[in-house]
Structure formats: C-alpha cells, structure tokens
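The values are calculated or read from the model by the stated rules, or taken from the named source; none is laboratory data. These figures come from a predicted structure and were not determined experimentally. Every residue, glycine among them, receives a Cβ derived from its backbone with ideal geometry; neighbour counts consider all protein chains shown.
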Amino acid sequence: MPAAAPETRRFRLTPGHCLAALLAVEGLLFLAEQFRWLPKRWPVLTAVVAVGVATLGMFVWFAVALVLRWRFQFRIRSLLYAALKEIPCSCR
C-alpha cells in the first residue's frame, strides 16, 4: 500500500494575523519614537494612519465576509494581541 502524501498547510490570512502585524508595526514605531529614528511626531502620525487603515480594512473584510458568507472570526490569541496593544498606551 503506498504511503499517503503529507498534507500541505496553506497560509490563510486571518483577522488575527492582521492584528499581529499591526502590533508589530506599532512596536517598531514605538522604538522609532524612543530612539529618534524618525523626525519628531512622524511615528505618532504613522501609527494613527496604520491603525486607521487596519480598521478600515477590517470593516471592508467584515462586509465582504457577510455578503459572501465567509467566516470572520478572531481567536483567543488575537484577543491577547489586542490586550497587549493597549498596555503600552495605558502606561504613559
């Protein structure tokens, strides 16, 4: 009997992956602000634009998911990313 072919795992973009990417971008912008890699106030403006684009993208993704009856779901890990994202803001 021939051996079964190994199952290949495809990468699927999920809302959680987008949230993790946004957290990484904000972390880099936080470091840029602390170490003054960019001119004054640019990291803050870039972070505001990144959050706005991500929010708009999530709304569009949610609307398309409703129309096409796709699954739009966050996992527990995504909620932890969201909680970690809020911690640096509350410490200031």
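The figures follow:
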read-out: Members of segment 38-47 found to be of a type in the set (A, V, I, L, M) and at pLDDT 85 or above, listed by number; value: L45
read-out: Hey, L29 of a type outside the set (D, E), surrounded by 11 or more Cβ atoms within 10 Å (Cβ to Cβ) and not in a helix (DSSP H, G or I) or not; value: no
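Residues checked against (1) modelled with pLDDT of 85 or more; (2) exposed (fewer than 14 other Cβ atoms within 10 Å of the Cβ); (3) at positive phi:
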| site | (1), (2), (3) |
| --- | --- |
| V53 | yes, yes, no |
| L56 | yes, yes, no |
| A63 | yes, yes, no |
| W70 | no, yes, no |
| I76 | no, yes, no |
| Y81 | no, no, no |
